[in-house]
Structures are given as structure tokens and as C-alpha cells.
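The values are calculated or read from the model by the stated rules, or taken from the named source; none is laboratory data. Model, not experiment: these values are computed from the prediction. In this analysis, Cβ positions are derived from the backbone assuming ideal geometry, glycine residues included, and neighbour counts consider all displayed protein chains. With ligands, DNA and RNA removed, areas are computed over all heavy atoms of the protein, side chains included. Shrake-Rupley method; radii C 1.70, N 1.55, O 1.52, S 1.80 Å.
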Amino acid sequence: MLGLPDDIHAFLFDLDGVLTQTATVHAAAWKDMFDTFLRAEADRTGAPFVPFDPVGDYDEYVDGRPRLDGTRGFLESRGIGLPEGDEQDAPGTRTLQGLSRAKNDTVLRMIREQGVEPYPGSVAYLRRLRDLGLPRAVVSSSANCRDVLRAARIDDLVDVVVDGITAHRDHLVGKPAPDTYLAAARALGTAPEHAAVFEDALAGVASGRAGGFGTVVGVDRVGQAEELRAHGADLVVRDLAELLPDAPGEAR
């Protein structure tokens, strides 16, 4: 009925790129922050400026991960080590916290200016689940998750939110570790083997697989179906509407 095995009774969704069209906004915000920093580093050290790749670098180092982990992971890939800093560091300070705050300020500004649109197929799928009385959670590394859900007008379609604020409060390790998805399954009262994870990020798919979830659905928005499968997706769709019984096409 919903394109998944009959023993799946709960549904856990990533936010950016799965439910809302905000993954490209995040990629642009990361590029803005990193390129500003990398230009300054090039001027400071005399090394060549090599910009952040909003596709390759984004997918490999930051997509789906907690903000600090993304900042740290990308900089380490360039051989740059920075102090952690403090949560009160001003945006742009030469610390992991300062750069992460700069990225967050940029993405919030872009969301205010551009708004947030959900994917129509995802809204249709959430509504079908709600009408059937099936439990639904959003699991996101973003501390802005609830604001984005409200801006997209889909906050009433989910029962549980596990986000960056939850992870910080409850000391949950971020994706690709399974902790946040497991916390959402517990909150829904469902064992992982009876829950499905929906993810567009490679780290998120790996998180669902590591958690022993019954089905991991890769959502391929950018042409990375094989990579999603390699990281643990059981099936890959371009849009969640493909899983509805009256939708054209089929899962891959």
C-alpha cells in the first residue's frame, strides 16, 4: 500500500532534501562560508585558493551531518586544523564554532529571503500516512528543523521531531551514527526492524543501515542512486510519490 514491506509500521524522515527543498540552500550557505574562509586562508598563507565544491565536497563531508562535524570534516580534508572555540564566538571567527555560526546565519538569511517549499510528493506521502494513523518522525541534524517545518507548513504532519537541539540535549552522536534515528524510533514506540528511514544524504543512509532499520529508502534528488545503494539503501526513489499506489513509475 505504501511501497514498503508489510511489517513496516513507523516512518522516519530526514528533512532537507527529503521533505523540504532546502538541501540546495544549505549547500549554497556552506559554499558561501567556506569560500570566504578559504580565500582569507589563501591570502594569509600564500597557498592557492581552491573553492568548496557544492556537490562533491557537500555530499562527502557535510550533507546530513551535525554542523560542527561538517565544518571539521571538510577542513580536515584540506589539511586545516582549527580550535573548537566557543558557542559564543562571533560568526566568521577562525574557530570551528565561529565558522559554523557563519554558515548558520547565512542559511537562516537565505530561508527568510527565499522561503521554504516542501516537495509535493513528500507532502502527499505524509498525508497518506497520517490518514492511515501511522506514526511519523523527522530526524534532522539541523537545529533549525522546527522552524523549517513550520515555514514549509508541514509541522502538523509529523508526530516526533529529533533534531540538532535534541541531539545536543540528549548527547546523541550525529549521523552517520544511528543514535538520532534510534531515539526517534523509541519516541514512536517502534522497534527499528519495524521502521523505515527515508534519506537523501549518504551519511543518513549509512545511519539507517547502522541502526538495523527494517527498510532504508534512498531519495535520489541529484543523481546519486548507486552511491545511496552502496551506503545501505534497500531501494531508491526520485520522489516519495513513487511509493504511493496511484503514482506512475516505480522505485528503483
Scanning the range 1-46 for residues that are β-branched (V, I, T) and over 30 Å from V123 (Cβ atoms) gives T36, T45
Selection from the range 29-77 of residues out of contact with any strand residue (DSSP E or B) (no Cβ under 9 Å at 6 or more places or on another chain), surrounded by 12 or more Cβ atoms within 10 Å (Cβ to Cβ) and acidic (D, E) yields D32, D35, E41, D53, D57, D59, E60, D69, E76
The correct count of residues that are open to solvent by less than 30 Å² (accessible area, probe 1.4 Å) and over 14 Å from the mean Cα position of the chain (by Cα) in the range 153-171 is 5
Filter the range 78-103 for residues that are in contact with a helix residue (DSSP H, G or I) (Cβ under 8 Å, 6 or more places away or on another chain) and crowded, with 19+ Cβ neighbours inside 10 Å; the one that is farthest from R221 (Cα to Cα) is D89
Note on the range 120-133: residues crowded, with 17+ Cβ neighbours inside 10 Å and either within 12 Å of D156 (Cα to Cα) or touching a strand residue (DSSP E or B) at 6+ places or on another chain (Cβ under 7 Å) (or both) are V123, L126, L129
Screening V162, V139, V216 for residues that are free of Cβ contacts under 8 Å to residues at least 60 places away in the same chain and within 30 Å of E87 (Cα to Cα) leaves only V162
Counting only residues in the range 140-152 that are buried (at least 21 other Cβ atoms within 10 Å of the Cβ) and of a type outside the set (S, T, N, Q), the one nearest to A203 (Cα to Cα) is identified as C145
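Table: residues versus (1) surrounded by fewer than 16 Cβ atoms within 10 Å (Cβ to Cβ); (2) of a type outside the set (K, R); (3) closer than 24 Å to G121 by Cα.
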residue	(1), (2), (3)
R136	no, no, yes
V173	yes, yes, no
L182	no, yes, no
S207	no, yes, yes
P245	yes, yes, yes
TODO: Tell me, yes or no, whether the range 9-31 has at least one residue that is at pLDDT 95 or above, farther than 26 Å from V205 by Cβ and part of a helix (DSSP H, G or I).
DONE: no
Checking G223, G211 in turn, the sole residue that is open to solvent by 20 Å² or more (accessible area, probe 1.4 Å) and out of contact with any strand residue (DSSP E or B) (no Cβ under 6 Å at 6 or more places or on another chain) turns out to be G223
